[in-house]
Structures are given as structure tokens and as C-alpha cells.
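The values are calculated or read from the model by the stated rules, or taken from the named source; none is laboratory data. In this text, all values refer to a predicted model and were calculated from it rather than measured experimentally. Every residue, glycine as well, gets a Cβ built from its backbone with ideal geometry; the counts of neighbours run over all protein chains shown.
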Amino acid sequence: MTPPPSRHDVVIMGGGLAGLTLALQLKRRFDDIDVIVLERRSHPVPHAAHKVGESSVEIGAHYFDTVLGLKTHMHGAQLRKFGFRFFFSEGRRDIDQVTEIGASRFLSVPSYQIDRGIFENYLAEEATRAGVRFVDDALVRRIELAQDPHALHRLEWTQDGETRVAEARWLVDACGRAGLLKRKLGLAQANAHDCNAVWFRIGARITIDHWSDNAEWRARCEPQARWLSTNHLVGTGYWVWLIPLASGSHSVGIVADPRQHPLESMDSFDKAMDWFRRWQPRLYDELDGQRHLLQDFAFFRNFSYGCKQVFSGQRWALTGEAGLFLDPFYSPGSDFIAMSNTYITDLIAHDRAGRSVQARAQLYDQIYHSFYESTLALYRDQYALFGDPEVLPAKVIWDYTYYWGVLSQIFFQQRLTDLALLGTVREELQHCQRLNVAMQDFLRAWSAKSAKRNPAVMRDQAALPWFAELNRSLNDRLDDEAFKARLRASTTQLRALAGEILQRACAEHPGLDNDALRTVLADHAQPPPAPAAPMLFAA
Ligand SMILES: Cc1cc2nc3c(=O)[nH]c(=O)nc-3n(C[C@H](O)[C@H](O)[C@H](O)COP(=O)(O)OP(=O)(O)OC[C@H]3O[C@@H](n4cnc5c(N)ncnc54)[C@H](O)[C@@H]3O)c2cc1C
């Protein structure tokens, strides 16, 4: 006989990264909230060979270390990341003779390389300590959504062959790609970004710093610890990731546009190795003698997708990959978890205060989707230019200026849910968004003409003072007026950078189509500013 239903304020289906962090965030905010997390897998989960999603960037990192208060764990049990690094090393073994993009020193705001096994074990323990009811080996089988505003949602789950029932005022789907609510409600939405990924973990450290004994090349970075970066080995239509894990393993992945590199050419470890031998031979050399240390291998076809709706006034929500997923090139997965969890926590707060959440849920959904759309523009149809050593450095600077100057400011300054304030800067935000879309088209057109010269230089982000300062500025604490001024300044900065990119590309390629970008630049009350000093790397 099925035992009587258990009753909760919130049921979270799925105790992976998104579900466990949401449970913790809710508990940090409301001591008395009753949250249950139902997770299909048994705990503890294995270290290293667990899940992808190991490189964090500033928003996700800030969410973990500051919003959730997990600094001790992040600093003690995970690795501090040495930013992103890109090598144009296709077909090459002489890594010191190709263009490198990266920072020569750590920038101010930390980010982390995360061993997902270690992290999810820790999160489950920490959530339990905080008073969350975490149940592993628990498989959610059936969901019934409440039909009237005062009824509870109801779900059936099984553990050890026994069926149980839970009821709750709020139901959150954090089941990842299983997408329980998405399937039930028909919310799936394709997004025309069609790329594939394969990955594996190897029980060895890939110390890219040792790939050359050129002393000058090694000394470019202080500390000499490039291996701590998320290293990207890039070529036309693909990039390879190298991510170190605290457990001592290394995560390796290939992400590719099938128009240039079909999945069938890399969908087993042996095929991936053959692929490396041809396209990234230095990595092949590194791995070939260590094949016996392989820990796992997996792939996803067409990993990117949207979702029609993620927050509902009917007291349900989707977070993490149960909702949408973009692309791992700049590791935004944890960022989007941080943002959706923050919106869900705020909706639950309003509901607990007895306020209607109908309109608010709709607005949060619109804003979250607008962040998704503008971030998608960074990746969609852009894989062809990843192998361009002239255009990718400009794109990386552009993409980061947009990310740190706009989205990160909103998150770090805790203004994500401040609808009134966001309303006052709506025009600036929309302008930046239009500028970004036009810039991505322009970068693609530039790359079609670029000579793709690949000199042996480092495009050092730490040597661009304004760029390092933009990263540092995330640590400021701003009142409303200062926040508005910051977003206006970011808009001006983006416009100046757009002007410089446009000028540089058109000076070399006079026939380059730039009408769309010029039209957006002209559509603003201020003329495009001329920066006091060049913002880009020297040509
Ligand atoms: C190729 C690739 C590379 C990526 N790289 C990065 C990166 O470098 N950085 C980054 O931030 N993000 C990255 N991501 C995204 C990252 O993987 C996701 O953001 C993150 O793992 C999503 O976490 P989640 O909790 O939504 O899903 P998951 O971690 O998958 O958790 C879902 C949980 O739900 C459980 N579950 C499923 N069905 C049921 C059920 N019926 N009942 C109970 N439990 C259930 C599962 O067991 C699982 O533990 C990458 C994604 C891909 C595809």
C-alpha cells in the first residue's frame, strides 16, 4: 500500500547541479522552508567521470562562492581557473609558434574548474546540513500539476521498488535532459544552433605548459600554470577543451559544427584519437601513451535547445538543462543556473509573502529568454570563425565586454529581479543587444575575408588595462544611480569597441559589408565615442 503523501513547500525533481544549488539558495533565504530534492542516482557519485559542465565563469563562480556562501569549498576542494586560453594549433605540434589568446596573470574576479562528482557530493551534504530533505535513489515517475490556485502539485516517485507520493505548493523540474515537465507540457523548442560534442576524462594531468621548452614562451604567464585555464585548441568549425579537475583527472572534449566536422568522425574514443592525430597532433602525442587511463567517453548530438517557458505563475518552474542550454564555448551553463535559480527563489519569496506571482513570472520568463537569445548570438553560425587568429581575438574581447559590462553587472549587483530599475535602463540594454547581433554578423563577414595570419604572439588580455578594470569592476557595490551610470558606461564602451573593430576590419578589407553595424551604431542619441587609447590588441 502506498504510504500517505508527504507535504512540502517545494519539491525539486533532480538533485544535480541546478536542483541542489536551488535547494541551498532557498534554505539560505528562508530558514523555515520545507524543501525536498528527489535524485535518481545513488550518492556518493563518482569523482571526475560524472557529468560535463566543469568550467565556470564569473557569474556562476560568484553564485557558488558568494551567493551560496561556498567559498571554503571552492577554494579548498576545487581548482582556481586561470581564465580562458585559446591556441590556433590546428595541424601543429609547435604550440609556442602559434597565436595564443589569454591573460598572462590572474584577473581580479575568481572562477573555478569544478570536479562535478566532488561538487555534487558536497552540495548534497551541505543541503542536508542546511535542512533540505535530500533523497537519492529516488525516481520521479508521474506528475500532476495543481489545477486551481490553492491546490498542491502531486508527484509519484519510487525508491527500492516502493511507490511514494509527494505534494507541494511549488514544483521545480531540475531533471536535466530528462526534461520531465518540458515533455509533459510540450515546451520543447529547437533553436537552429546545431552542434555536437564528445568528451572523456583521463586519469592524468595534461600540463600544456610542458608542451614547449621555449623559456620565453613559458615565462609569458605568471604563474607558469596555463594548465589551470580552460584551454581551447581551436580550428575552423570546432574547438577542443582541456579542463583540469581537482581529483587529478583531466576533462577533454571536442565541440564541432557538423558542417565542418561530423559527429561520426569522433563518436568513440578511438575515433576521437584519430581525429586528434589529424587536427590537433600535439594533444594526440600527449594522450596516445595514456590510453589505458581513460575513465569514460560520451557524446551529445545537437546539444543546444530552447524552451517555450521556464517560469509559471501556476507555481512551477524549470531550471538548468531541464529548461534550455546554449553552448559550452564560454561555459555559460552555470551562469544560467544561477540566474534561473535566483528568479525561482524570488518568485517563491513573493508567493510566501502572499503576493500574486502571475505577472512577475511572465516578466522573469521574458527577461531570462532575452538573456538566452542574446547569448545564443555569440555561438550560432560562428563556429567557422573559431579557427581565425585575426578575428577570434577581437570576438573574444567583444563577447567578454558584453558579458562583463552588461549581464555580469546585473547579476553581481543583485539587480536581476529589480524590474523597476531594469525598466529605467531598458533602452541601453536593447541597444547593446542589437549592437551584439550586428557585431556577430560583422565578425562572420570579416572572417570570410581575413588572411588568418597566425603569428607566434600572445594576445594578452591582462595587458589591456580597460579590460582588466572591467573584470575588477564586478566587485564594486553600486547604489541605484551608480548602477544606471555603470550600464550607460558599458554601452558607451561597447559602442567605442564596435567602432574600433569596424575601423580595423574595414581598413584592411575596404569592401567589407558594414551597413548593418553602422546603422545600429547610428541609432543612438550619442555619436560613437572615440576611445582615448586603442582598445584592441595591436594588429
Ligand atoms: C558538451 C557540454 C559541455 C558543457 N560544459 C559546461 C561548462 O564547461 N561549464 C558549465 O557551466 N556548463 C557546461 N555545460 C552545461 C552543464 O552541463 C549544465 O549546465 C549542468 O550540468 C546542468 O545541470 P542540471 O542540474 O540542470 O542537470 P544534471 O546535472 O544533469 O542534473 C539532473 C539530475 O536529475 C536527475 N534525474 C533525471 N531524471 C530524473 C527522475 N525521473 N527522477 C529523479 N531524478 C532524475 C539526474 O540523475 C541528474 O542528477 C556543458 C554542457 C554540455 C552539453
Would you check which residues across region 234-279 are closer than 30 Å to His73 by Cα and assigned to a loop (DSSP other than H, G, I, E, B) and list them? Leu245, Ala246, Ser247, Gly248, Ser249
How many residues, within region 496-517, are within 30 Å of the chain's Cα centre (by Cα), closer than 17 Å to Gln440 by Cβ and part of a helix (DSSP H, G or I)? 10
So how many residues does region 280-335 have that are away from the ligand (no atom under 16 Å from the Cβ), in a loop (DSSP other than H, G, I, E, B) and either not small (Gly, Ala, Ser) or not assigned by TED's automatic domain parsing to the domain that holds Ile95 (or both)? 7
His150 assigned to a loop (DSSP other than H, G, I, E, B), modelled with pLDDT under 95 and more than 9 Å from the ligand (Cβ to nearest atom): yes
Filtering region 26-46 for residues that are among the acidic types (Asp, Glu) and within 11 Å of the ligand (Cβ to nearest atom) leaves a count of 1
Among Arg154, Arg129, which is out of contact with any Asp or Glu (no Cβ under 7 Å at 6 or more places or on another chain), of a type in the set (Lys, Arg) and assigned by TED's automatic domain parsing to the domain that holds Leu318? Arg129
Say whether the condition of being small (Gly, Ala, Ser) and in contact with a strand residue (DSSP E or B) (Cβ under 9 Å, 6 or more places away or on another chain) is met by at least one residue in region 72-88. yes
Picking from Ala49, Ala18, which residue would you name as being closer than 21 Å to Phe300 by Cβ, in the same structural domain as Ala317 (by TED's automatic domain parsing), buried (at least 19 other Cβ atoms within 10 Å of the Cβ) and away from the ligand (no atom under 11 Å from the Cβ)? Ala49
Of these, Leu443, Leu474, Leu435, which one is in contact with a Phe, Trp or Tyr (Cβ under 6 Å, 6 or more places away or on another chain), among the aliphatic types (A, V, I, L, M), surrounded by 15 or more Cβ atoms within 10 Å (Cβ to Cβ) and assigned to a helix (DSSP H, G or I)? Leu474
